[in-house]
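First the structure, in the form of structure tokens, and then the observations on it.
The values are calculated or read from the model by the stated rules, or taken from the named source; none is laboratory data. Just so it is clear, the structure is predicted and the values come from calculations on it, not from any experiment. With ideal geometry, Cβ positions are generated from the backbone for all residues, glycine too; neighbour counts draw on all protein chains shown. Surface areas here come from the heavy atoms of the whole protein model, side chains and all, with no ligands, DNA or RNA. Shrake-Rupley method; radii C 1.70, N 1.55, O 1.52, S 1.80 Å.
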Amino acid sequence: MIKALITGGCGFIGTNLIRYVLSTYSDWRVVNLDLLTYAGNIENTQGLEEAYPGRYTFVRGDIADAGLIDDLFDRQRFDIVLNLAAESHVDRSIEDPSVFLRTNVLGTQILLDAALKYKVERLVQISTDEVYGSLGKHGQFTEDMNLAPNSPYSASKASADLLIRAYVKTYGLDAVITRCSNNYGPYQFPEKLIPLMVLNAYEDKELPVYGDGKNIRDWIYVGDHCRGIIMVAQSGVGGEIYNMGGDTQMENIEIVRMILDYIHKPHSLIKFVKDRPGHDFRYAMDYSKIETELGWCPAVKFEEGIEATIKWYLENKRWWEAVRTGEYMNYYERMYGGR
Ligand code: NAD
Ligand code: DAU
């Protein structure tokens, strides 16, 4: 059996990853450590203990709590650690960077110390394309590019990546970094572009598009990202970095119009609002390294993935009603009220 710690397993990608691992690899046992912040939902993983007896355990806790982490690693003796726990929303990081530094930087360092002390065979850090900064009209991000983060969120992720590098070089830790572009799919918290626009369209609310809507993201279906993470965990080379992308560069406004058309709602719901400060213009990933070395490439076409995703939100009203708690409603008012 492979004993894996997956942190942040009640968030968007973590939920999809745990479900993928348990259903695909019968020799993996998963401990999910999640603090259950506003973005983490225990219901996402409900029923997994029963569906996979002896192979799934949930622990509520903070990756930045050194005592808890030491105790957990001591008791569990993990073979592998996949770190997805993070504060992940750029707009929130602009409001208050401090929790981003605590979780994304200090939390990662605490995990690295524990991985060293308890001789974990491999740690995979789930990073992001945002560490490279912003592209102009041409080109793609490659793994050897300089880091040039532009938001407190991406600066915290870049800092964690540099810590990983230091632990590999200085202490000989076996760690690998994945950097992926914008994910979409089921279980994504409705503060992010695609679910936010689906729910607002469904409820006939305004769709707040930042600036002129011409910023470009490279969208990837979350299942493709999860498959890549496990390939890197199993076959990646220690100390290396692997980019993943979806081959789907789209302007935000195109996606928003597509969502409105799919739900049969008028484009007049679109409202162009004040731009995000420091808004990165474009992301695009060159994933030829992971393709050549590990045989990974994205499989889900955007048209199929977005349709399945919109359907999922429309069919899971109870899920999104439950995650849109008082905290989220206050955030929404602060972020969009009078914008
Ligand atoms: P998310 O915000 O949906 O989930 C984050 C999870 O981490 C939540 O369940 C939350 O409760 C948990 N968490 C937060 N702080 C914690 C702490 N201190 N200790 C333990 N758990 C904590 O995020 P996501 O979109 O699923 O992203 C997961 C990871 O993937 C992040 O590291 C993010 O930077 C990275 N990533 C995301 C994307 C994307 O498009 N969503 C793309 C590339 C990389
Ligand atoms: O690229 C990977 C990153 O993708 C991850 O590392 C982050 O965790 C994840 O949140 C995501 O970051 P983005 O900032 O690209 O995603 P977001 O969904 O917040 O925004 C996508 C684009 O849509 C961006 O150009 C800003 C724009 N936008 C977003 C919101 C929430 C709007 O125009 N209106 C909005 O209300």
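Some notes on this structure:
- For the range 22-41, taking the residues that are β-branched (Val, Ile, Thr) and open to solvent by 20 Å² or more (accessible area, probe 1.4 Å), the one that is nearest to ARG227 (Cα to Cα) is identified as THR24.
- Screening the range 241-337 for strands (runs of 3 or more DSSP E) wholly inside it with 1 or more residues that are of a type in the set (Ser, Thr, Tyr) returns the ranges 241-244.
- If you go through the range 294-318 and keep only what is aliphatic (A, V, I, L, M) and farther than 16 Å from MET231 by Cβ, you end up with ILE306, ALA308, ILE310, LEU314.
- Counting the residues of the range 274-299 that are open to solvent by 30 Å² or more (accessible area, probe 1.4 Å), away from ligand 2 (no atom under 15 Å from the Cβ) and not aliphatic (A, V, I, L, M) gives 7.
- Test: residue in the range 185-198 that is part of a helix (DSSP H, G or I), away from ligand 2 (no atom under 14 Å from the Cβ) and without any contact (Cβ under 8 Å) to a residue 60 or more places away in the chain: no
- Note on the range 257-273: residues that are within 19 Å of THR309 (Cβ to Cβ) and open to solvent by 40 Å² or more (accessible area, probe 1.4 Å) amount to 6.
- Selection within the range 87-105 - without any contact (Cβ under 8 Å) to a residue 24 or more places away in the chain and closer than 13 Å to SER151 by Cα: ASP96, SER98
- So ALA155, is it open to solvent by 10 Å² or more (accessible area, probe 1.4 Å), out of contact with any helix residue (DSSP H, G or I) (no Cβ under 7 Å at 6 or more places or on another chain), within 16 Å of ligand 1 (Cβ to nearest atom) and among the hydrophobic types (A, V, I, L, M, F, W, C): yes
- Residue in the range 308-322 that is touching an Asp or Glu at 6+ places or on another chain (Cβ under 8 Å), open to solvent by less than 60 Å² (accessible area, probe 1.4 Å), within 13 Å of ligand 2 (Cβ to nearest atom) and not acidic (Asp, Glu) present: no
Each row is one residue, and each column tells you yes or no for (1) within 16 Å of ligand 2 (Cβ to nearest atom); (2) surrounded by fewer than 22 Cβ atoms within 10 Å (Cβ to Cβ); (3) of a type outside the set (S, T, N, Q); (4) farther than 23 Å from LYS119 by Cβ.
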{"site": "ALA4", "(1), (2), (3), (4)": "no, no, yes, no"}
{"site": "PHE12", "(1), (2), (3), (4)": "yes, no, yes, yes"}
{"site": "THR15", "(1), (2), (3), (4)": "yes, no, no, yes"}
{"site": "ASN44", "(1), (2), (3), (4)": "no, no, no, yes"}
{"site": "GLY47", "(1), (2), (3), (4)": "no, yes, yes, yes"}
{"site": "TYR52", "(1), (2), (3), (4)": "no, yes, yes, yes"}
{"site": "LEU72", "(1), (2), (3), (4)": "no, yes, yes, no"}
{"site": "ASP91", "(1), (2), (3), (4)": "yes, yes, yes, yes"}
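- Some residue of the range 163-179 being open to solvent by 10 Å² or more (accessible area, probe 1.4 Å), assigned to a helix (DSSP H, G or I), within 14 Å of ligand 2 (Cβ to nearest atom) and in contact (Cβ under 8 Å) with a residue 24 or more places away in the chain: no
- In the range 118-151, residue surrounded by the fewest Cβ atoms within 10 Å (Cβ to Cβ) [restricted to those that are under 21 Å from ASP34 (Cα atoms) and away from ligand 2 (no atom under 15 Å from the Cβ)]: TYR118
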